[in-house]
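Reading through the structure tokens given below for one structure.
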Ligand SMILES: [Zn+2]
């Protein structure tokens, strides 16, 4: 669930709280989320955190000693800062970074899937790491002009899939793609290769404004401790059955196995209902 705005605000809040903090220990307890072994986590002992940042939907925690933790929260992870150590009862933490002032940074994961992961890299290895080297350009603050976006999306695949493909453009997921396509008045099933120049400009504007709107909301409402559930300011996603915030007609949904895609027929699909994927293939 955490997408670009949620990861970005997490990075900003933690960056402000952690700059200069000295690391006392780093551990990956339980089922190991750590995907690297050299350098070992103990290399962080005694180093100071210099920055917390974001790349796509990944978090980076950079420290002295030319080390950087690369973290992917996947669908149910959170990186949170606590005043005290978790202790032995904690079962949801995948990574613990204790600070010498007693605070503890924890990568926690909710639900039964254990998918969140961590790599400890040397800073000069970061850009070349597989996870980052294959990312498309950042969706925010600026994915480039409409012409560039049109090139990126020039494939015979539906927009909702292209925009969530991190190799095409980095940062957008299931929640914000609904908001972006609604703001751009584009059908989720329109093919990327069929975008007109004017539609590409509209889409670019919607990406920048919707992700920016989310961040502005979080800047206003979020402080430490970062809550388990972020107050996402969604107007369309998972609001099927409710009135469209633009035209007032009813928002509809397309259901997949494990998620739902929401849209306004009046604003986005010339009034056509997208009942399922089979039907949607008929819509151009
Ligand atoms: Zn509408």
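The values are calculated or read from the model by the stated rules, or taken from the named source; none is laboratory data. Everything numeric in this text was worked out from a predicted model, so none of it was measured. As a convention, Cβ positions derive from the backbone with ideal geometry for all residues, glycine included, and neighbour counts pool all protein chains shown.
Considering each of 230, 224 in turn, give the residue that is assigned to a loop (DSSP other than H, G, I, E, B), at pLDDT below 95, in contact with a strand residue (DSSP E or B) (Cβ under 8 Å, 6 or more places away or on another chain) and more than 10 Å from the ligand (Cβ to nearest atom). Full working, then the answer.
On the way: 230 fails: in contact with a strand residue (DSSP E or B) (Cβ under 8 Å, 6 or more places away or on another chain).
Exactly one residue qualifies, and that residue is 224.
Please go through segment 246-257 and pick out each residue that is without any contact (Cβ under 8 Å) to a residue 24 or more places away in the chain and within 11 Å of the ligand (Cβ to nearest atom).
In the first step, residues of segment 246-257 are kept if they are without any contact (Cβ under 8 Å) to a residue 24 or more places away in the chain; the result is 247-253, 255-257.
247, 248, 249, 250, 251, 252 - these are the residues of segment 246-257 that are without any contact (Cβ under 8 Å) to a residue 24 or more places away in the chain and within 11 Å of the ligand (Cβ to nearest atom).
Only one of (1) under 27 Å from residue 151 (Cα atoms); (2) surrounded by 13 or more Cβ atoms within 10 Å (Cβ to Cβ); (3) within 16 Å of the ligand (Cβ to nearest atom) fails for residue 266. Which number is that?
For residue 266, the exception is condition (1).
Could you tell me whether any residue of segment 198-217 is within 15 Å of the ligand (Cβ to nearest atom), assigned to a loop (DSSP other than H, G, I, E, B) and surrounded by 17 or more Cβ atoms within 10 Å (Cβ to Cβ)?
no
Which number in (1) surrounded by fewer than 18 Cβ atoms within 10 Å (Cβ to Cβ); (2) assigned to a strand (DSSP E or B); (3) under 23 Å from the mean Cα position of the chain (by Cα) marks the one condition that residue 24 misses?
(3)
Within segment 120-142, can you find the residues that are touching a strand residue (DSSP E or B) at 6+ places or on another chain (Cβ under 7 Å) and part of a helix (DSSP H, G or I)? Don't jump to the end; show me each part of the working.
First, pick out the residues of segment 120-142 that are touching a strand residue (DSSP E or B) at 6+ places or on another chain (Cβ under 7 Å): 120-123, 126, 129, 131-132, 135-139.
123, 131, 132 - these are the residues of segment 120-142 that are touching a strand residue (DSSP E or B) at 6+ places or on another chain (Cβ under 7 Å) and part of a helix (DSSP H, G or I).
Can you tell me how many residues within segment 258-272 are under 21 Å from residue 199 (Cα atoms) and either assigned to a loop (DSSP other than H, G, I, E, B) or touching a residue at least 40 places away in the same chain (Cβ under 8 Å) (or both)?
Of the residues in segment 258-272, 10 are under 21 Å from residue 199 (Cα atoms) and either assigned to a loop (DSSP other than H, G, I, E, B) or touching a residue at least 40 places away in the same chain (Cβ under 8 Å) (or both).
Restricting attention to segment 154-173, which residues are buried (at least 22 other Cβ atoms within 10 Å of the Cβ) and either at pLDDT below 95 or in a loop (DSSP other than H, G, I, E, B) (or both)?
If the condition is that a residue be buried (at least 22 other Cβ atoms within 10 Å of the Cβ) and either at pLDDT below 95 or in a loop (DSSP other than H, G, I, E, B) (or both), then 169, 171, 172 are the ones that fit.
Name the strands (runs of 3 or more DSSP E) wholly inside segment 54-103 in which the number of residues that are touching a residue at least 60 places away in the same chain (Cβ under 8 Å) and closer than 15 Å to residue 131 by Cα is 1 or more.
Numbers: elements: 58-63, 67-72, 77-82, 93-99.
Filter on segment 54-103 gives 58-63, 67-72.
For segment 27-42, give me each residue that is at pLDDT 95 or above, surrounded by fewer than 17 Cβ atoms within 10 Å (Cβ to Cβ) and outside any loop (DSSP other than H, G, I, E, B).
Answer for segment 27-42, where residues must be at pLDDT 95 or above, surrounded by fewer than 17 Cβ atoms within 10 Å (Cβ to Cβ) and outside any loop (DSSP other than H, G, I, E, B): just 42.
Tell me which of these residue 239 doesn't satisfy, since it passes every other one: (1) within 14 Å of the ligand (Cβ to nearest atom); (2) assigned to a loop (DSSP other than H, G, I, E, B); (3) in contact (Cβ under 8 Å) with a residue 24 or more places away in the chain.
Just one mismatch for residue 239, condition (3).
With the structure loaded, tell me whether residue 190 is within 14 Å of the ligand (Cβ to nearest atom), surrounded by 15 or more Cβ atoms within 10 Å (Cβ to Cβ), at pLDDT 95 or above and closer than 26 Å to residue 155 by Cα or whether it fails that test.
Details: within 14 Å of the ligand (Cβ to nearest atom): no; surrounded by 15 or more Cβ atoms within 10 Å (Cβ to Cβ): yes; at pLDDT 95 or above: yes; closer than 26 Å to residue 155 by Cα: yes.
In short, no.
What number of residues in segment 137-182 are over 18 Å from residue 193 (Cβ atoms) and within 16 Å of the ligand (Cβ to nearest atom)?
Of the residues in that region, 4 qualify.
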